[in-house]
Amino acid sequence: MVEESNIFEGTIAKSDIEQGFHNFKLLTSTAYAHLYIAYKLGKRFLIKTTKDNSERQNKLLSREYELSIGCDHPHIVHIYTIEDLPLGAGLVMEYIEGRTLDKYLAENPPKKERDRIFNELLSAVGYLHKRGIIHNDIKPENILITHADNTLKLIDFGLADSDAQYALRTLGCTPHYASPELQAQSQEIDARSDIYSIGIIMEQIFGHSRISKRCKAESPAQRYENIQALQGAWQHRNRPQKVLLSAVAVSIFALPLLLLGQAKISERDKIRERELLFQQIERDVEQIYTITADSISQAVYYEFANNHIISFWEEVNRYHSEYIATIEDAELSVLVTNVYTQTLNKYHNRLWEQTNALPIMFKSNLPLEQTLFYNSLLEERKPYRPYQKK
């Protein structure tokens, strides 16, 4: 999951079984795990094993698998399975051609790229939090940026958990990025612990700001309460500056423009403000669409793509209630609603076109127990994962 030039000598005995994993090469080692590259059916995979293959470490590896296997998000590393291999128990995941966040930032990417990367991080962590999972180890080494298109991938669920008490009984965290309550092994660890880590990451990407300062507040109660609140603050971070710049521009040119008629100028400014507002709404809906389209592109069957479309509607409805519905000007509200509806219909149609191109799942040829398993995933709106006989 880093550049192959970093691979060092440490080849394990190869298995030439055609259908199994073979050509294991040690990629790197962490404090508690080995990471290997291996091949199967001509495809490259990343395999994570424990260092000592002890019962305790294998239980932690199984716990990581249980938490991550249900995750289906374009900016989170995809976990396939856990298998007994010649190396011991191994967590099999996608191999990502990329570099860590700190190496990516050393390339001095443009601000627009950094903005997109940060939005992708918020999207990934927000997805985990909605599933009740706290990552507990957000740091540059666990954030990969792909070489192909500079897309963010969040990795390593070794410390993640939906049960804070369980997390405190496992391995340690990375002190520089860990929240005070996590380092102190507090009894109350929630999503705000990850928000603290994101604040440090934000400063490394953009420098200090009032938003990062609030993320890093000593007390969890003083931080943003959840990722959605942080995303809202991030999206509207430049509004005060824009208002100030507009005021300065008006003050400079006010006197000459008064000669042309104050009423005409006021109307022109009003139209311009509306245009900017319409553009902002279109960008916000497009961002929700892009995340959904990425998820649908990874859906295996038609039914599971439908779940992503339902999530799309939930997200746009939330955006409408928190932003569109709060506009008090009746005339402006009508105009904004029209723009919002047209934009929403456009992207909704695209999602359906994308979904209809997927193969429809054919249950008639499946054994009864597999049919029941897939039905339960659909009923509970869980993402697709392969059937595994218990």
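When the stretch 95-118 is limited to residues that are hydroxyl-bearing (Ser, Thr, Tyr) and open to solvent by 10 Å² or more (accessible area, probe 1.4 Å), the one that is nearest to the chain's Cα centre (by Cα) turns out to be Thr100. Anything in the stretch 190-220 that is without any contact (Cβ under 8 Å) to a residue 24 or more places away in the chain and either open to solvent by 10 Å² or more (accessible area, probe 1.4 Å) or closer than 24 Å to Arg318 by Cα (or both)? List them, or say none. Within the stretch 190-220, Glu203, Gly207, His208, Arg210, Lys213, Arg214, Cys215, Lys216, Ala217, Ser219 qualify.
Yes or no, residue by residue, for (1) closer than 22 Å to Glu315 by Cα; (2) surrounded by fewer than 19 Cβ atoms within 10 Å (Cβ to Cβ); (3) touching a Leu at 6+ places or on another chain (Cβ under 9 Å):
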| site | (1), (2), (3) |
| --- | --- |
| Leu121 | yes, no, yes |
| Leu128 | yes, no, yes |
| Ile134 | yes, no, yes |
| Ile143 | no, no, yes |
| Thr146 | no, yes, yes |
| Asp149 | no, yes, no |
| Phe157 | no, no, yes |
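Suppose the filter is open to solvent by 50 Å² or more (accessible area, probe 1.4 Å), at pLDDT 95 or above and among the polar types (S, T, N, Q); does Gln187 pass it? Spelling it out, it is not the case that Gln187 is open to solvent by 50 Å² or more (accessible area, probe 1.4 Å), at pLDDT 95 or above and among the polar types (S, T, N, Q). When the stretch 107-118 is examined, which residues are found to be in a helix (DSSP H, G or I) and out of contact with any strand residue (DSSP E or B) (no Cβ under 9 Å at 6 or more places or on another chain)? Once the filter is applied, which keeps residues that are in a helix (DSSP H, G or I) and out of contact with any strand residue (DSSP E or B) (no Cβ under 9 Å at 6 or more places or on another chain), the stretch 107-118 yields Lys111, Lys112, Glu113, Arg114, Asp115.
All conditions but one from (1) surrounded by fewer than 17 Cβ atoms within 10 Å (Cβ to Cβ); (2) at pLDDT below 85 apply to Ile291; the one that does not is (1). Summed over the stretch 19-34, residues that are not hydroxyl-bearing (Ser, Thr, Tyr) and not in a strand (DSSP E or B) total 4. Taking (1) assigned to a loop (DSSP other than H, G, I, E, B); (2) open to solvent by 40 Å² or more (accessible area, probe 1.4 Å) in turn, Ile138 satisfies each apart from (2). If you go through the stretch 35-94 and keep only what is in a loop (DSSP other than H, G, I, E, B) and open to solvent by 40 Å² or more (accessible area, probe 1.4 Å), you end up with Leu41, Gly42, Lys51, Asp52, Asn53, His78, Pro86. Answer yes or no: is there a residue in the stretch 53-69 that is on the phi > 0 side of the Ramachandran plot and in contact (Cβ under 8 Å) with a residue 24 or more places away in the chain. Within the stretch 53-69, one or more residues are on the phi > 0 side of the Ramachandran plot and in contact (Cβ under 8 Å) with a residue 24 or more places away in the chain.
The values are calculated or read from the model by the stated rules, or taken from the named source; none is laboratory data. Keep in mind the model is a prediction, meaning the values are calculated, not measured. Don't worry about glycine lacking a Cβ; one is built from the backbone with ideal geometry, like all the others, and counts go over all protein chains shown. Side chains are part of the model used for accessible areas, which takes the heavy atoms of the whole protein and leaves out ligands, DNA and RNA. Shrake-Rupley method; radii C 1.70, N 1.55, O 1.52, S 1.80 Å.
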